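What follows is calculated from the coordinates using simple rules that are stated; it is not laboratory data. Every value quoted in this text rests on a predicted model; they were computed, and no experiment measured them. Cβ sites come from the backbone with ideal geometry, for glycine too, and all protein chains shown count toward neighbours.
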Amino acid sequence: MPSLTRAEATARRALITVVSYEVDLDLTGGGDRFGSTVTIRFRATPGTATFVEVKPAALRGVRLNDRDLDPGTLTENRLPLAGLAGQNTLTVSAEMAYSNTGEGMHRFVDPADGETYLYAMSFLDDVQRIFAAFDQPDLKAPVTLSVTAPPQWTVAANGQLAARPRPGRWEFATTPPLATYLVSLIAGPWHVRRDSHDGIPLAVYCRRSLAAHLDADLDEVFTVTKQCLDRFHQLFAERYPFAKYDQAFVPEFNAGAMENPGLVTLRDDYVFRSAVTDTQRELRATTIAHEMAHMWFGDLVTMRWWDDLWLNESFAEYLGTRVAAEATRFDRAWTTFAIRRKAWGYTADQRPSTHPVAPEEVADAAQGLLNFDGISYAKGASVLRQLVAWLGDDAFLAGLNAHFAAHRFGNATLADLLAALGAASGRDLSGWAERWLRQAQVNTLRMETAVAADGCWTAVAVTQTAPTSHPVLRPHRIAVGRYAADGTVTRVELDLDPDTDRGRTEVRALVGQPATGLLLPNDGDLTFAKIRLDPASADAVPTVLPGLADPLARALLWGEALDAARDGERPVPALVSLIAAALPAETEVVIAEEVLGLSLASSTATSTRSPATPPCCGSPGRAPTCSPEHRPAVRRNSPPPGA
Ligand SMILES: [Zn+2]
């Protein structure tokens, strides 16, 4: 099946504007097919031609304005539409096949009780398996959905339920304009729990056989959801832009979660059936916050084309982690991000297969998924965190809110966002964007010190280097932390500006000070860079680390030790003795997990020099805590779909 190309999308966008989708699905057939009828109203340049996408099991009828079209003209997934009028009405009736791959309309029979559950996954270009559509992110339109299904079932969709005209019939309110990849519904004997918050109706769904497990954990799911809503309402001028906020935990889900407006779908591994670590609970909370961030960044304002899919994910990753850390009991989310997610980003960025965070152009939809990796998610989110530090939080939020206001329920590009941030901060972001978003690989920040006979520093500096393969130095806004043996911490924030300091920046505030304590570059983890301690600080780690109160600082020190061993800059036995000396005192489960996981990978990497497998995918037993995109690619042999 051909994948829509960027050129085709641009051409079609210039020709048509979609006014509305009216979708009617018949889910009463017990077999492997369901009925689908859609009426699409769209404007077009009269006399022109285009095509609509659909992947039916059987095409039953096609009517364009007052003409019946021959269903036989369907070629692969494209139905040609010629002789368009200014105003058009297209109706396509078809039989569609249920899927068991997590794409399109997924059908699952619960082995626990034989019950059948359906859920729709339209991302990236799979709405075509549910109904005919102009399937590209910048042809957004309101969707009015109606469903016929067994009367004892429960059906939910993006829009609010508007009417139940008779048993077995559900009619949903028209949604605001949606991108086609965001259309979703669930149908089946779902267990549901309802609540509301700040005037927003909330619901949580799972299959009946998991009801007791969900109910046992319901309070945390709703509490995290409400806390995140409140925090987003503090950060964003625009209130939550959709009618309700449902979350459905669904089986055999091909991702961690999907940000369908009004009806987020999440893998039901997040309905814990047994005791789990707080790290797993935190991952669920950051996933809830991640999907909620998409309601604004992705759903309210949607990318124009898949070029900016990375931005969508990086933003949700950044905001999801930030809001979970700031608004829920999981205030260590940035520690998990530093030791687990960024490790994934650093590994991916140092591979020969590395690529810039922001690709120049994505030629077709299928290619859009190729960059769904540690660079798009983890590095991208970390680079955004750096941008916030570099611009200042007020300017960042002012720019972001202006961006939302300018493009609400529409589409926008990276350039639009950079323009809004530039206007709000009064800074030109083009140089920053070129170095951070268009150039691959990672810088190394190394502490350098010199001490006088009186024991005071005569020089303290941060040097920045880049690999010869990608010799790009970048502006970094960082902090240098000084961790004294008595537990006191002082922090100096500074700008590294390669254009003025040629990669060496003095930390003047420390010159002349007693050369005591451990100096930690990138303290607070504001930037995306490998770090190296000065020799005196590296020697102090085994004594300072066990008593360090701040888990994020501990995560950074462990990261430095692991990375230096992996790069062969420090002997592995030194790492082993550090683990023996300091890890028993480690209280953060995620740090202990990652240090053991990564050190294993590092020791094998050092011996075989192959890059480490991302920690969470190493051992399938931990699948539920595996990050959303590390799911097994059950899809047709294309790269894993997004979340
Ligand atoms: Zn996402």
Legend entry - Rel. contact order, % - alpha carbon contacts under 8 angstrom, at least six apart, the chain: 10 percent
Legend entry - Extreme residue, positive dipole direction of the chain, given options Ala585, Asn443, Val271 (C-beta unit charges): Val271
Legend entry - Distance between the range 125-156 and the range 425-450 - C-alpha centres, whole angstrom: 43 Å
Inset, instruction - Only Cα pairs under 8 Å and at least 6 apart count here; give the relative contact order of the range 361-458 as a rounded whole percent. - result: 18 percent
Inset, instruction - At 7 Å along the Cα-to-beta-carbon direction for both Val489 and Ser469, put a label point, then send me their distance in nm to one decimal. - result: 3.4 nm
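Quote the FRET efficiency, to the nearest 0.05, computed for Asp428 versus Ala216 with a Förster distance R0 of 41 Å and r equal to the Cβ-Cβ distance.
Once the sixth-power term is evaluated, E becomes 0.15.
Assuming R0 = 41 Å, what is the FRET efficiency of Glu76 and Thr413, from their Cβ-Cβ distance, to the nearest 0.05?
0.90
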Legend entry - Nitroxide proxy distance, nm - points 7 Å out along Cα→Cβ at Ser353 and Glu569: 2.6 nm
Legend entry - Size of electric dipole in the range 1-73: Cβ of Lys, Arg +1 and of Asp, Glu -1, about Cα centre, debye, nearest 20: 320 debye
Legend entry - Centroid-to-centroid separation of the range 1-35 and the range 238-259 [C-alpha atoms, Å]: 21 Å
Legend entry - Within the chain, helix-based [θ] at 222 nm, where runs of 4 or more DSSP H residues each add -39,500 (n - 2.57), nearest 500: -9500 deg cm²/dmol
Inset, instruction - Find which of Thr505, Pro542, Phe34 sits farthest along the positive direction of the dipole of the chain, computed with +1 on the beta-carbon of Lys and Arg, -1 on that of Asp and Glu, about the Cα centre. - result: Phe34
Legend entry - Estimated inter-spin distance, Glu171 and Asp497, nm [label 7 Å along Cα→Cβ]: 6.4 nm
Inset, instruction - Go through Pro165, Ala424, Ala338 and say which Cα lies farthest out towards the positive end of the charge dipole of the chain; charges sit on Cβ, +1 for Lys and Arg, -1 for Asp and Glu. - result: Pro165
Legend entry - the chain - charge dipole about Cα centre, Lys and Arg +1 at Cβ, Asp and Glu -1, debye rounded to 20: 780 debye
Legend entry - Mean Cα-pair separation over length for the range 6-189, i.e. relative contact order, pairs under 8 Å, 6 or more apart, %: 23 percent
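Work out the FRET efficiency for Cys456 and Arg435 from their Cβ-Cβ distance, taking R0 = 35 Å, and round it to the nearest 0.05.
Efficiency, from the Cβ-Cβ distance: 0.50.
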Inset, instruction - Show me 227-237, 528-538 ranked by packing, highest mean number of other Cβ atoms within 10 Å first. - result: 528-538, 227-237
Inset, instruction - Based on the mean of other Cβ atoms within 10 Å per residue, sort peptides 171-184, 400-413 so the most packed one is first. - result: 171-184, 400-413
Legend entry - Filtered trypsin sites (Lys or Arg not before Pro), the range 277-361: DSSP coil and at most 15 other beta carbons within 10 Å: Arg329
Legend entry - Sequence ranges 145-157, 350-362, 123-135, ranked by mean other-Cβ count within 10 angstrom, highest first: 123-135, 145-157, 350-362
Legend entry - Extension gain (nm, one decimal) between Asn65 and Thr277, 0.36 nm per residue minus Cα-Cα: 70.5 nm
Inset, instruction - Would you mind calculating the gained length between Ala58 and Asp110 on full extension (0.36 nm times residue separation, minus the Cα-Cα distance), in nm to one decimal? - result: 16.0 nm
Inset, instruction - Could you tally the net charge around Glu586, taking each other residue with its Cβ under 11 Å from the Cβ of Glu586, Lys/Arg +1 and Asp/Glu -1? - result: -2
Legend entry - Model label zone, Gln513; criterion: amide N under 20 Å from point 7 Å along Cα-to-beta-carbon; scope the range 454-468: 454-464
